[in-house]
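Only the coordinates and a few stated rules stand behind these numbers; no lab work does. Bear in mind that the values here come from a model prediction, so they are computed numbers and not experimental data. In this analysis, Cβ positions are derived from the backbone assuming ideal geometry, glycine residues included, and neighbour counts consider all displayed protein chains.
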Amino acid sequence: MRIIWSLFLALMIVVGCSDATNVDQSFEHQGESNENNTVTDNNSAAERETKEQVTELENQDGAEKIIGPDFSGKEMTVHFIDVGQGDSILIVSPNNKTMLIDGGTKSAGNDVIQYLHSQNVKQLDYVVATHPDADHIGGLISVLNSISIKQFIDSGKVHTSATFEEMLGLIQEKNIPYTVPQKDDTIPLDKELEINVLNADGNASDNNDASIVLKVTYGEVSFLLTGDAGIEIEEEMLKSEDVSATILKAGHHGSNTSSSLNFIKAVGPKATILSYGQDNSYGHPHYEVIENLREVNSKIYGTAESGTIVVKTNGHSFNILADEWTGIGATSSISPPKSNNPTNSKAINKGTSEIAIINKDLKADTISIINSGSSSVNMSDWTLKSVEGNQTFEFPNFSLAPGEIIVITSGPDAKEGKGYLKWTNSSIWLNTGDPAQLLNPKGEIVSELP
Ligand SMILES: [Zn+2]
């Protein structure tokens, strides 16, 4: 029975996939007919006690931005709902249209429902399932069961999981219009927004790469929501799409399978949201992703630390109701530095020390040091030396845990806090030829970065 049901569903999807014209018409049609306001009040998120910092976008010469005749400057809010390890994003458009993108895991379903209630969302104009993985569609079961949905958008990627079958079953049972978008489709949620589909591939061999990627543009402010799309899909999008965006939801919860430096540079986000769960078993977010984001000076926010993150925008400026994320990312994906491993880092590590320099960032004026061993190391009496500048940093009394990286900061923007130790506000490493040396308590050089 189940097999027949699955076949029927698969057929239904294939039909949906192959008829792009119908899909487009359906999208257009749906948008025209949505005149009911689904939200009566969205102020409660604004009442949080978080320091508000409005970011005005610079007016760059030649920057062409869409300020159409319909542009009202009304507030739009984008809510990155804290669902633990997973994604769930609520868009409340300038004219109070609503779109929910993913719903986290099944166990997060109730949290999503409660959050929608807290925002007085009584019905959703669109629900998007970016791809059929459990940390994206699981919570949509609760949503389908308790909130009226006008239109359901799915990647078209068939998955054999019971959750996916349950989802499709509920969509059919409730007669919700169901569409599978094609790349370059637009979704008419609100006449003041442009929502472009930059990727959707029901035939992808990998669930993540099926991800519906959306770019939502309101005036001068845009959001790039990438699902779990991997680096190959990023490369494809770079070839044919304008991926630049003001705010990025980093792909795949900050995993290094997404967010290549190439892609991050092309997006050029002012702010990036990482949607992930505290102490997740994948080590998300990964160190390389954080490095790439810092390379382009993106501010970083994480749902694990901040809970639900609300971004408010009037189409000119934006305001993120959360504190910046200050971590350094997990190193589980980085193999321990070895002196004979040229692909890892250029550090020369001496003896058997498991404490080593892994990176010197001349631009940020920072040095990163890793503990690649299996036990904590107390760093008091260790020193970091700039050889040419002949300056020495003495580590405070703290322990570097196994796999942990500590970043020693210097220069005018030197940071302090979790994962960072501030040396000085003077610039240390900016004179490019200055080697860094790490010395153990005996004064022996254990690691050197030319
Ligand atoms: Zn995921």
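The table below gives the values:
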read-out: Gain on full stretching of the segment that runs from residue 416 to residue 442 - 0.36 nm per residue minus C-alpha separation; value: 6.7 nm
read-out: Cut-off under 5 Å, modelled amide H: who pairs with residue 404 long-range; value: 371
read-out: In sequence order, calculated HN-Hα J values of the range 278-294 (Karplus, 6.51, -1.76, 1.60; Hz; x Gly/Pro); value: 4, 6, 5, 6, 8, x, 6, x, 8, 3, 4, 5, 4, 4, 4, 5, 5
read-out: Nitroxide proxy distance, nm - points 7 Å out along Cα→Cβ at residue 175 and residue 146; value: 2.5
read-out: Pairs from 74/418; 74/106; 150/215; 150/249; 183/312 whose Cα-Cα separation, in the structure shown, is over 31 Å; value: 74/418; 74/106
read-out: Inter-site label distance for residue 110 and residue 399 at 7 Å from Cα along Cβ, in nm; value: 3.6
read-out: Burial order of peptide ranges 179-189, 249-259 (average beta-carbon count within 10 Å, highest first); value: 249-259, 179-189
read-out: Under the Karplus curve 6.51 cos²θ - 1.76 cosθ + 1.60, θ = phi - 60°, whole-Hz ³J(HN,Hα) for the range 435-450, x wherever Gly or Pro sits; value: x, 10, 10, 10, 10, 7, x, 7, x, 8, 6, 9, 7, 9, 10, x
read-out: Residue 55 versus residue 426: modelled label distance in nm, points set 7 Å from Cα along the beta carbon direction; value: 3.3
read-out: Dipole magnitude of the range 348-449 about its Cα centre (Cβ charges: Lys, Arg +1; Asp, Glu -1), debye to nearest 20; value: 80
read-out: Rounded to whole Hz, the Karplus (6.51, -1.76, 1.60) HN-Hα couplings of the range 131-144, x for glycine and proline; value: 6, x, 6, 4, 7, 10, 9, x, x, 5, 4, 4, 5, 4
